[in-house]
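To start, the structure itself, in structure tokens.
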């Protein structure tokens, strides 16, 4: 009887199949240990993905799909009994339609590559996040990525017009819609956006573009209390209206942790409680600067901020964003745990305080760093307990997620569930919702071969 590796090797193109139980590739961006799997598949076309999945389905072979491998909840980490389906070779930008404001791309296209290609045609693909140089648009769709521009352009779900997906049994579902309006029945693509590869493998996408902004104005502000942070957000939304692209908040401990001698240069004093990075992009070079400056002046006059810096060049602007996006200075010591949660803005201050108090009561030397895109309700935590006891990650989870239900929050804002949060999904979803999710999984992947054990807890094999 032939092994699955023999079946795949014989049934697929030579360039598609790579055998071996230990791959010449890292497990993920976050884990540099060698990935382990039965085989690595690198298809070039949707047809090749279909052929590979059909063989795996017929032989009950579990498959894990990989994009840029930057996922933060281990959705794409391979296990030694799985076949890796990497879409890295499906990296073609097929077209950019300026008039229709759309792009047709392969799932393996790196986000930054697409952004730069669009800019060359005076267009903008507005999804943006710190991993732009390595994450892929297929992975962005599979995880419903958010990032820094959500308050203006929405999540990835809002930017996908059409897609091509291969189901577990190899069936190709092609719905490459290029229209903003298409009310012909169910919007099936929404099933796969945010499903983390558990319902199908996304291979091609039609993405919505916007005109490239003519102007860009940024500032970094320092504030002393959270009440003024929320008051500032309300005022900035009103004053900048539809030009407001980003409103990023960094708590003082985070700012202090990533700046200074071992980190980024600090353009402001490092002893403030909150730092806010604001960016507005518009289409009128004659009026946008004046509106931005008037907003800053009125915020200062209203006593909403205590200090500010405005970048005078693109290099200075990029340096401000590095403080927000490049958190390497606080990752030097392990273990440190990353969290991605969402909750109503009015609940944020009390929630963050309650988590901090619990952490410090348990581990007096604990380091707790907070930042986030708070305008869309999203916070990120970095927690380093600085203790040697066992089960640290689970203990941290209890502090973070245990308090979240009381504050009407979600255990995942934009990173997904994966393997890491699967035990906490019931904190954010009802039993009725979970039952429907399981029915969808059984309908589209009866043998449970796609990203088995991610998102939904279930038994091995058929479900």
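I'd like to know if the stretch 222-233 contains one or more residues that are assigned to a strand (DSSP E or B) and modelled with pLDDT of 95 or more. Checking the stretch 222-233: at least one residue is assigned to a strand (DSSP E or B) and modelled with pLDDT of 95 or more.
What residue, among those in the stretch 396-431 that are in a loop (DSSP other than H, G, I, E, B) and free of Cβ contacts under 8 Å to residues at least 60 places away in the same chain, is surrounded by the fewest Cβ atoms within 10 Å (Cβ to Cβ)? Steps first, please.
Applying the first criterion (in a loop (DSSP other than H, G, I, E, B)) to the stretch 396-431 yields 403-404, 408-409, 411-421, 428-430.
Still in the running and free of Cβ contacts under 8 Å to residues at least 60 places away in the same chain: 403, 428-430.
Values: 403: 19, 428: 18, 429: 15, 430: 9.
Here the answer is 430.
Against the condition touching a residue at least 24 places away in the same chain (Cβ under 8 Å), surrounded by fewer than 16 Cβ atoms within 10 Å (Cβ to Cβ) and either within 30 Å of the chain's Cα centre (by Cα) or assigned by TED's automatic domain parsing to the domain that holds residue 200 (or both), how does residue 31 come out, does it pass? So residue 31 fits the description; yes. Restricting attention to the stretch 213-231, the residues being touching a helix residue (DSSP H, G or I) at 6+ places or on another chain (Cβ under 7 Å) and within 22 Å of residue 266 (Cα to Cα) number 6.
Got a number for residues in the stretch 432-447 being touching a residue at least 24 places away in the same chain (Cβ under 8 Å) and either farther than 22 Å from residue 66 by Cβ or assigned to a loop (DSSP other than H, G, I, E, B) (or both)? Walk me through it before giving the result.
Let us first name the residues in the stretch 432-447 that are touching a residue at least 24 places away in the same chain (Cβ under 8 Å), namely 438, 440-441, 444-447.
Those left that are additionally either farther than 22 Å from residue 66 by Cβ or assigned to a loop (DSSP other than H, G, I, E, B) (or both): 438, 440, 445-447.
Adding up the residues that qualify gives 5.
Kindly evaluate residue 214 against the criterion of being surrounded by fewer than 17 Cβ atoms within 10 Å (Cβ to Cβ), modelled with pLDDT of 95 or more, in contact with a strand residue (DSSP E or B) (Cβ under 7 Å, 6 or more places away or on another chain) and over 23 Å from residue 446 (Cβ atoms).
On the way: surrounded by fewer than 17 Cβ atoms within 10 Å (Cβ to Cβ): yes; modelled with pLDDT of 95 or more: yes; in contact with a strand residue (DSSP E or B) (Cβ under 7 Å, 6 or more places away or on another chain): yes; over 23 Å from residue 446 (Cβ atoms): yes.
For residue 214, the condition - surrounded by fewer than 17 Cβ atoms within 10 Å (Cβ to Cβ), modelled with pLDDT of 95 or more, in contact with a strand residue (DSSP E or B) (Cβ under 7 Å, 6 or more places away or on another chain) and over 23 Å from residue 446 (Cβ atoms) - is met.
When we screen 457, 403 for residues that are over 24 Å from residue 165 (Cβ atoms) and in contact with a helix residue (DSSP H, G or I) (Cβ under 6 Å, 6 or more places away or on another chain), the only hit is 403. Entry remark, the stretch 346-393: residues being under 20 Å from residue 230 (Cβ atoms), buried (at least 17 other Cβ atoms within 10 Å of the Cβ) and in contact (Cβ under 8 Å) with a residue 60 or more places away in the chain number 10 in total. Looking at the stretch 172-184, is at least one residue surrounded by fewer than 21 Cβ atoms within 10 Å (Cβ to Cβ), in contact (Cβ under 8 Å) with a residue 40 or more places away in the chain and closer than 27 Å to residue 279 by Cβ? No, the conditions are met nowhere in the stretch 172-184. The number of residues in the stretch 185-209 being part of a helix (DSSP H, G or I), buried (at least 16 other Cβ atoms within 10 Å of the Cβ) and within 17 Å of the chain's Cα centre (by Cα) comes to 1.
The values are calculated or read from the model by the stated rules, or taken from the named source; none is laboratory data. Treat the numbers as computed from the prediction; the structure is a model and nothing was measured. Every residue, glycine as well, gets a Cβ built from its backbone with ideal geometry; the counts of neighbours run over all protein chains shown.
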